[in-house]
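Remarks on the structure that follows.
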Amino acid sequence: MQGGRTQGSQHVDGLVQGFDTLRKTHDPPGPDAQQGDFVHQAVELAGFHIHANAAFQANEDRARVSQFFFVTFGTFIAALFSTQISGIDLRQLFLSFGILFLLIALLGAMTMLQLTRLRLAWIESARAMNQIKDEAIKINPNLTAYFRWTNETIPPAYKPRSVGWILAIMVALLSGLAIGSAVAFFSLSRRPESVPWLFSLLLGIVGTILSFIAFYRQPLKPS
């Protein structure tokens, strides 16, 4: 993530240096109004690249936060299966696993909130770029054919079957699995001879649906 920001800042610095070079070497002919147009176009170009870089960074961060959750979940499952249970109080062990699965479910909720915020950040960057494009089209209507999206045709924030939507579904499924597993382990810590498997399964399904709606769908739907 830090590398993406460094690359973006270097890109913006390059734009600023290029603008300074143009300002020092370019002497546009005509009255001051033409020189003002030149500065205005340079500022528009720099602003467009800044927002484009912000949109790109939002997509990069979306992949990173989801990958972090998947790796964390996989590492915990691997540690679970490699645990040596000989000579250990099983009730305390099951209680510890239940708490850890609850923490995994909480991490999943936070990951979906991050995916939501990154999706909104991408939408805001796209809208900002469209605003700059609209101003450019007003100056030169021939540019209309070069732009596919406007603020009226931009994809909605909540878009089923998009990459972000699929990532959120995957995180919600694993979070629901963590909730059901936590209930099962808590039951094992109390009564090892009787585990409510069906109740744990149903609670995991309900947790998957509710977490997806509460932490991803609902915050994005009004946008």
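Being hydrophobic (A, V, I, L, M, F, W, C), surrounded by fewer than 17 Cβ atoms within 10 Å (Cβ to Cβ) and within 25 Å of Leu174 (Cβ to Cβ) narrows it down to one of Leu107, Leu120, Leu102, Leu115, so name that one. Walk me through how you get there before you give the answer.
Values: Leu107 fails: surrounded by fewer than 17 Cβ atoms within 10 Å (Cβ to Cβ); Leu102 fails: surrounded by fewer than 17 Cβ atoms within 10 Å (Cβ to Cβ); Leu115 fails: surrounded by fewer than 17 Cβ atoms within 10 Å (Cβ to Cβ).
Answer to the selection: Leu120.
Could you list, in sequence order, the residues of region 166-199 that are within 16 Å of Leu100 (Cα to Cα) and more than 28 Å from the chain's Cα centre (by Cα)? Walk me through it before giving the result.
If we filter region 166-199 for residues that are within 16 Å of Leu100 (Cα to Cα), which is where we start, we get 174-189.
Correct list: Val183, Ala184, Phe185, Phe186, Ser187, Leu188, Ser189.
Which of (1) modelled with pLDDT under 90; (2) of a type in the set (S, T, N, Q); (3) part of a helix (DSSP H, G or I) is the odd one out, the single condition Thr72 does not satisfy?
(1)
Of the residues Met129, Met170, only one is surrounded by fewer than 19 Cβ atoms within 10 Å (Cβ to Cβ) and either touching a helix residue (DSSP H, G or I) at 6+ places or on another chain (Cβ under 9 Å) or not in a helix (DSSP H, G or I) (or both); which? It would help to see each step written out before you state the result.
Values: Met129 fails: surrounded by fewer than 19 Cβ atoms within 10 Å (Cβ to Cβ).
None of the other options fit; the residue is Met170.
Tell me yes or no: at least one residue of region 89-104 is assigned to a loop (DSSP other than H, G, I, E, B) and within 25 Å of Gly180 (Cβ to Cβ).
Yes: one or more hits.
Do we have Ala136 as within 22 Å of Leu102 (Cβ to Cβ) and surrounded by 11 or more Cβ atoms within 10 Å (Cβ to Cβ) here? Can you show your working first?
Details: within 22 Å of Leu102 (Cβ to Cβ): no; surrounded by 11 or more Cβ atoms within 10 Å (Cβ to Cβ): yes.
Considered against the rule, which asks whether it is within 22 Å of Leu102 (Cβ to Cβ) and surrounded by 11 or more Cβ atoms within 10 Å (Cβ to Cβ), Ala136 comes out as no.
Among (1) in a helix (DSSP H, G or I); (2) within 23 Å of Ala109 (Cα to Cα), where does Tyr158 come up short?
Only one criterion is unmet by Tyr158, namely (1).
Return the residues of region 192-216 that are farther than 18 Å from Leu107 by Cβ and among the hydroxyl-bearing types (Ser, Thr, Tyr); say none if nothing qualifies.
The answer is Ser194, Ser200.
Just to be sure I understand, how many residues within region 138-155 are part of a helix (DSSP H, G or I) and within 28 Å of Leu220 (Cβ to Cβ)?
Of the residues in region 138-155, the ones part of a helix (DSSP H, G or I) are 138-139, 141-146.
Cutting the leftovers down to within 28 Å of Leu220 (Cβ to Cβ) gives us none.
Looking only at that region, the number is 0.
Determine, yes or no, whether Gln67 is outside any helix (DSSP H, G or I) and surrounded by fewer than 19 Cβ atoms within 10 Å (Cβ to Cβ).
Working: outside any helix (DSSP H, G or I): no; surrounded by fewer than 19 Cβ atoms within 10 Å (Cβ to Cβ): yes.
When the stated conditions are applied, Gln67 does not pass them.
Keeping to region 174-223, report how many residues are buried (at least 19 other Cβ atoms within 10 Å of the Cβ) and without any contact (Cβ under 8 Å) to a residue 12 or more places away in the chain.
0
Give the number of residues within region 196-223 that are assigned to a helix (DSSP H, G or I) and charged (D, E, K, R).
Within region 196-223, the subset assigned to a helix (DSSP H, G or I) is 197-220.
Applying the additional criterion that residues be charged (D, E, K, R) yields 217.
Number satisfying all stated conditions: 1.
The values are calculated or read from the model by the stated rules, or taken from the named source; none is laboratory data. All values derive from a computational prediction rather than experimental measurement. Don't worry about glycine lacking a Cβ; one is built from the backbone with ideal geometry, like all the others, and counts go over all protein chains shown.
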